[in-house]
Amino acid sequence: MARFLDIHPVDPQPRLVRQVAQVLGEGGLVAFPTDACYSLGARLDDPDAKARILSIRQLDERHHFTLMCADFSQLGQFVQLDTAVFRTVKAATPGCYTFILPATKEVPRRLLHPKKKTVGVRIPQAPICRQLLSEMGEPLLTSTLLMPGEDEPLGYGWEVKERLDHLVDVVVDGDQTGCEPTTVVDLSQGYAEVLREGSGDPTPFR
């Protein structure tokens, strides 16, 4: 049964954020609200996290996982950024965008797209996410909490708890979250291609 933690969306309680970080550090899978919608999150080096997320969402190996990063210092360790791409990503972050980029050798091979060798990255704006990333001191492996066969991601903590009670270790109820996933922009070929329109305005990438 998942623990249910009510964390303030604007001024997250440090004690509760530390509890979430501790569960993640012990190999747990967490459902938490972001500035876009709910996501599933785990440690980057957790060998079981990928399989658990793919099972919950019923996805195949071609799914692009997202590394949620605290800042550009972290992000730059895991993806290749030339000057033009850096400026493009910088102008849109923090915010509700996920960018697909060529991965560096710091990203475990099991998390890469099997053919493209790319990975998704984002820098969130939501205080819960930012404090959790600060507490962890490393990026989180994340995936939008969109259930199989459904068009909209889960948007309420109680709903996540009800649906995933025996599949995740912690559900964070942050009271406020969006109902749309991030806008996904592929920059891996040196130009912008919008793969999914979501909560971030896609206009700058058209």
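A few comments on the model shown:
- The set of residues in the stretch 176-205 being closer than 27 Å to Trp158 by Cα and in a loop (DSSP other than H, G, I, E, B) consists of Gln176, Thr177, Gly178, Cys179, Glu180, Pro181, Thr182, Glu197, Gly198, Ser199, Gly200.
- The stretch 57-95, residues that are assigned to a helix (DSSP H, G or I), crowded, with 17+ Cβ neighbours inside 10 Å and aromatic (Phe, Trp, Tyr): Phe78
- The condition of being in contact with a Pro (Cβ under 8 Å, 6 or more places away or on another chain), in a helix (DSSP H, G or I) and either crowded, with 18+ Cβ neighbours inside 10 Å or not hydroxyl-bearing (Ser, Thr, Tyr) (or both) does not hold for Gln125.
- Residue within the stretch 142-156 that is over 23 Å from Lys90 (Cβ atoms) and part of a helix (DSSP H, G or I) present: no
- Failed item, numbered, when Thr98 is tested on (1) of a type in the set (S, T, N, Q); (2) modelled with pLDDT of 95 or more; (3) more than 24 Å from Cys179 (Cα to Cα): (3)
- Matching entry among Phe32, Phe99, Phe4 (being within 18 Å of Ala192 (Cα to Cα) and of a type in the set (Phe, Trp, Tyr)): Phe99
- Restricting Glu135, Glu150, Glu159, Glu106 to residues that are modelled with pLDDT under 95, under 24 Å from Asp48 (Cα atoms) and not hydroxyl-bearing (Ser, Thr, Tyr) narrows the list to Glu106.
- Test: Gly28 is out of contact with any Gly (no Cβ under 9 Å at 6 or more places or on another chain) and in a strand (DSSP E or B): no
The values are calculated or read from the model by the stated rules, or taken from the named source; none is laboratory data. Computed from a predicted model, the values in this text were never measured in an experiment. We place every Cβ from the backbone using ideal geometry, glycine too, and count neighbours over all the protein chains shown.
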